[in-house]
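Take a look at the structure set out below.
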Amino acid sequence: MARPFTPKVLTANHLLDGDVVYLAPGSRLTRKLSEAMLIEDESTAKALLEAAEARSSVLVGPYLADAIRDSDGRPRSTHIRETLRADGPSIDIL
């Protein structure tokens with residue numbers, strides 16, 4: 001039996017600077033997870049991922065990451081890996 005679809009955000013790295021980016025409403029990119037579009041439909045998620053994969057001149061390694069809507073209505077990561085990607089490096093260099 002297939003697992004039920006869970007909400008996702010589309011994330012990737014920006015080609016020019018390597019920053020983590022998220023797909024936001026209006027097909028724009030944002031560096032803030034809280035501004036990302038929460039995708040709640042599997043067919044929409046697949047279509048958006050295909051479109052992101054076609055943007056190879058801007059995006060590197062796009063994928064769908066599990067997320068939930070927080071109490072403020074904004075997306076929040078459900079996995080520690082995505083939390084770390086969203087918050088940036090955990091150490092200061094220099």
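Annotations for the structure displayed:
- Note on the stretch 1-25 and the stretch 42-89: Cα centroid distance 2 Å, given to the nearest whole angstrom.
- Computed helical MRE - 222 nm, the chain, DSSP H runs ≥ 4 contributing -39500 (n - 2.57), nearest 500: -6000 deg cm²/dmol
- If you model the stretch 28-81 as an ellipsoid using its alpha carbon gyration tensor, with each semi-axis the square root of five times an eigenvalue, the axes come out at 20, 13, 10 Å, biggest first.
- Look at the alpha carbon pairs under 8 Å that are at least 6 residues apart: their mean separation over the length of the chain gives a relative contact order of 30 percent.
- Near L59, the amide H atoms lying under 5 Å from its own belong to L15; only residues 5 or more places off or on other chains count, and H is placed 1.01 Å from N.
- Carbon and sulfur %, accessible surface of the chain computed with the full protein complex present, 1.4 Å: 55
- Label-to-label distance, nm, for residues given as L16 and R69 (7 Å Cα→Cβ offset): 3.4
- Burial ranking of peptide ranges 71-78, 6-13, 60-67 (average Cβ count within 10 Å, highest at the top): 6-13, 60-67, 71-78
The values are calculated or read from the model by the stated rules, or taken from the named source; none is laboratory data. Because the structure is predicted, anything quoted here is derived from the model rather than measured. Cβ atoms come from the backbone with ideal geometry, glycine included; neighbour counts cover every protein chain shown. Each accessible area value is taken on the protein alone, full model and side chains, heavy atoms only, with ligands, DNA and RNA left out. Shrake-Rupley method; radii C 1.70, N 1.55, O 1.52, S 1.80 Å.
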